[in-house]
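The values are calculated or read from the model by the stated rules, or taken from the named source; none is laboratory data. These figures come from a predicted structure and were not determined experimentally. Please note: Cβ atoms are built from the backbone with ideal geometry, for glycine as well, and neighbour counts cover all protein chains shown. The area values use the complete protein model at the heavy-atom level, side chains included, leaving out ligands, DNA and RNA. Shrake-Rupley method; radii C 1.70, N 1.55, O 1.52, S 1.80 Å.
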Amino acid sequence: MTDWLGLPPLATTHGGQIDGMIGWVHVFMLILFLGWGGFFVFCLVRFRRSRQPVANYAGVKSHTSSYLEGGVALVEAVLLFGFAIPLWAARVGAMPPASDAVLVQVTGEQFAWNIHYAGPDGKFGRTDIKLFDPQSNPLGLDRDDPAAKDDVTTLNQLRLPVNKPVIVRLRSKDVIHSFGLPEFRVKQDAIPGLTIPIWFIPNVTTAEMRTRKGNPEFQYEIACAQLCGLGHARMRGFVTILPAEEFQKWMDGELAQQSAPDPFK
Ligand SMILES: [Cu+2]
């Protein structure tokens, strides 16, 4: 229905509602544009110099323009209270229980996305600024904390299983970033000092989207959607949506590797 907007293909369950909303905004704004544009042209012709050599100090007598203004305000109120706020309330209110979801913490920094999975225990391990190392431990994760034993971290690679809710806890280390996933219709600012939860259900695997698009190279992207500094344009992560078994296999492999004792310690 909203193909005419040229939006990226949908890969999430709630995306239809978002697209519907974007479609209605465009329709109403088109009507407004035609209305105001027509009025402008009417004024140019009606009040042209040859017809109106002297200014009319009395001004408009009819109430048509007030009714039109009222109509515009009404349409905008419908967009806001009828579409935008209920949709937003449904998105933030109906958070699935963490036990049914993949729990992942995403921390933005200049200029990368740190991905941190809570692992089977559903608990994120302790982090400590003292353990921070830009190369080996960009989150300062304390591997000695029992909750951290099964944690998995990656850089710029967000792998998720298809058809399962994902809860992302969004954070930032330095400045305001924005976690933008165009195909999943997700866009949320990451704000230093805050942990902001968002959720969605991816429903098209990367492999399936590659077939649909006829592009074997296709990758879902995490695009930083806030100008966050000089390297903003290269602040790019990737999302890979896998069938459940494949995701589990990957996760098990990472778990075995990342929780293995450090041979250099
Ligand atoms: Cu950024």
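Proximity of backbone amide H atoms, modeled 1.01 Å from N, is registered between Ser172 and Gly108, Ile191, Gly193, Leu194 at under 5 Å, excluding neighbours fewer than 5 places apart on the same chain.
When the Cα positions of Gly119, Phe40, Thr153 are compared along the charge dipole of the chain, Phe40 comes out farthest toward the positive end, with charges on each C-beta of Lys, Arg, Asp and Glu. Using a cutoff of 8 angstrom between alpha carbon atoms and counting only pairs six or more residues apart, the relative contact order for segment 64-118 works out to 19 percent.
Rolled with a 1.4 Å probe across the full set of protein chains, the surface gives Arg212 an accessible area near 140 Å². Protection proxy ranking for 62-75, 41-54, 104-117, using the average of other Cβ atoms within 10 Å per residue and placing the highest first: 104-117, 62-75, 41-54. Size of the chain from its Cα atoms: along the principal axes, largest to smallest, the extents are 91, 40, 34 Å. Between Phe42 and Asp189, the modelled labels are 3.9 nm apart [label points 7 Å from Cα along Cα→Cβ].
Selection among Pro165, Val78, Thr12 by position relative to the dipole of the chain gives Val78 as farthest towards the positive end (Cβ unit charges, Cα centre).
Spatially, segment 179-216 and segment 228-259 are offset by 12 Å when compared through their Cα centroids.
Taking the square roots of five times each eigenvalue of the Cα gyration tensor of segment 31-74, the equivalent ellipsoid has semi-axes of 23, 15, 5 Å, listed largest first. Rounded to the nearest 0.05, what FRET efficiency do Ala98 and Ile22 give with R0 = 30 Å and r taken as the Cβ-Cβ distance? Could you check? That gives a FRET efficiency of 0.50. Pairs of alpha carbons in segment 168-265 separated by more than 24 Å make up 40% of all such pairs. The value obtained for segment 192-231, namely the Cα convex hull volume divided by the number of residues, is 112 Å³ per residue. Magnitude of the charge dipole for the chain, about its Cα centre and with charges confined to Cβ atoms of Lys, Arg (+1) and Asp, Glu (-1), is about 1400 debye.
Amide H to amide H, with H built 1.01 Å from N, Val186 comes under 5 Å of Leu181, counting only residues 5 or more places away or on other chains.
Here, segment 113-174 has an Rg and a Dmax of 12.0, 38 Å when only alpha carbons are counted. In the chain, Cα pairs under 8 Å separated by at least six residues give a relative contact order of 20 percent.
Counting lysine pairs in segment 89-236 whose alpha carbons fall under 29 angstrom apart, excluding pairs fewer than 8 residues apart on the same chain, gives 13.
Given R0 = 25 Å, the distance between the Cβ atoms of Leu5 and Phe238 translates into a calculated FRET efficiency of 0.50. Histogrammed with a bin width of 5 Å, the alpha carbon distances of segment 1-142 distribute as 2, 6, 10, 11, 10, 9, 10, 8, 8, 7, 5, 4, 4, 3, 3, 1, 0 percent, first bin at zero. Per-peptide packing, taken as the mean over residues of other Cβ atoms within 10 Å, places 196-207, 29-40, 132-143 in the sequence 196-207, 132-143, 29-40 from highest down.
Can you tell me the alpha carbon radius of gyration of segment 65-126 divided by the globular rule-of-thumb value 2.2 N^0.38 Å? Compactness ratio reported: 1.96.
Per-residue ellipticity at 222 nm computed for the chain from its helices equals -9500 deg cm²/dmol, with DSSP H segments shorter than 4 residues left out and the rest contributing -39,500 (n - 2.57). Taking every C-alpha pair closer than 8 Å and separated by at least 6 residues, the mean separation divided by the residue count of segment 124-265 gives a relative contact order of 25 percent.
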